[in-house]
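As structure tokens, the structure follows; a few thoughts come after it.
The values are calculated or read from the model by the stated rules, or taken from the named source; none is laboratory data. In this text, all values refer to a predicted model and were calculated from it rather than measured experimentally. Don't worry about glycine lacking a Cβ; one is built from the backbone with ideal geometry, like all the others, and counts go over all protein chains shown.
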Amino acid sequence: MARINLRPWREERNAARQKQFVTNLLSTAVLAGIVSFGISYYYNVQMDRQQARNNYLKAEIAKLDEKIKEIRELERQRERLLERLNAIQELQGNRPLVVRYFDELVRVLPDQLYYSSVGRSGDSVAINGLADENRDVSNLMRNMDASIWFGEPNLSQVRGLVKTASSISVCR
């Protein structure tokens, strides 16, 4: 049998395999590093984009909050103006009432009755007057009750003198 020494060949093969293994190991480590760096870079880019979106949304929300404040201030201003407008309309609406009350007082007045004083407090009107007969006071009360400008009249006092004095309270 021939003696062939295979040891140098095996050593060369093992050295080549060892070199191949180390090369594969290093290339795998480099590839893993590149992949992990790429994934990290991708996530950082995604986080930066999301942060930019969040900042944009925060800026838009701040703008909308300012607009909401302006709208609320305008609504408060509108309410104040409406209150003023209602007060003005109420004053203008009540202004001719005094004239209508006096006009109606003349219309409901019987011939033999005279007013001595007329006073108004809120929605009630107090009338003092003189009448020749009680029938005239009754006619006045009926006329006031039939009037649309006066509510239910309330006769509070009748005094008998030479002439009859009456005190009438009318509420609207």
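Among (1) at pLDDT 95 or above; (2) surrounded by fewer than 10 Cβ atoms within 10 Å (Cβ to Cβ), which single condition is Tyr43 missing?
The number of the failed condition is (2).
Please determine whether any residue of the stretch 107-122 is out of contact with any Gly (no Cβ under 6 Å at 6 or more places or on another chain), closer than 30 Å to Ser147 by Cα and in a helix (DSSP H, G or I).
yes
So for the stretch 11-24 (the condition being assigned to a helix (DSSP H, G or I), of a type outside the set (Val, Ile, Thr), surrounded by 10 or more Cβ atoms within 10 Å (Cβ to Cβ) and within 59 Å of the chain's Cα centre (by Cα)), does at least one residue qualify?
Among the residues of the stretch 11-24, not one is assigned to a helix (DSSP H, G or I), of a type outside the set (Val, Ile, Thr), surrounded by 10 or more Cβ atoms within 10 Å (Cβ to Cβ) and within 59 Å of the chain's Cα centre (by Cα), which makes the answer no.
Suppose we filter the stretch 68-93 for residues that are farther than 22 Å from Asp123 by Cα and surrounded by fewer than 10 Cβ atoms within 10 Å (Cβ to Cβ); how many remain?
Final tally of qualifying residues: 0.
Output yes when any residue across the stretch 98-105 is without any contact (Cβ under 8 Å) to a residue 24 or more places away in the chain, loosely packed, with under 10 Cβ neighbours inside 10 Å and part of a helix (DSSP H, G or I), and no when none is.
Yes, some residue in the stretch 98-105 is without any contact (Cβ under 8 Å) to a residue 24 or more places away in the chain, loosely packed, with under 10 Cβ neighbours inside 10 Å and part of a helix (DSSP H, G or I).
Taking Ile127 as meeting all but one of (1) part of a helix (DSSP H, G or I); (2) surrounded by 10 or more Cβ atoms within 10 Å (Cβ to Cβ); (3) among the hydrophobic types (A, V, I, L, M, F, W, C), write down the number of the exception.
Exception for Ile127: condition (1).
Considering Arg49, Arg95, which residue is part of a helix (DSSP H, G or I) and modelled with pLDDT of 85 or more?
Just one listed residue meets the conditions, Arg49.
Of (1) of a type in the set (Ser, Thr, Tyr); (2) in contact with a strand residue (DSSP E or B) (Cβ under 8 Å, 6 or more places away or on another chain); (3) modelled with pLDDT under 80, Ser121 satisfies all except one. Which?
(2)
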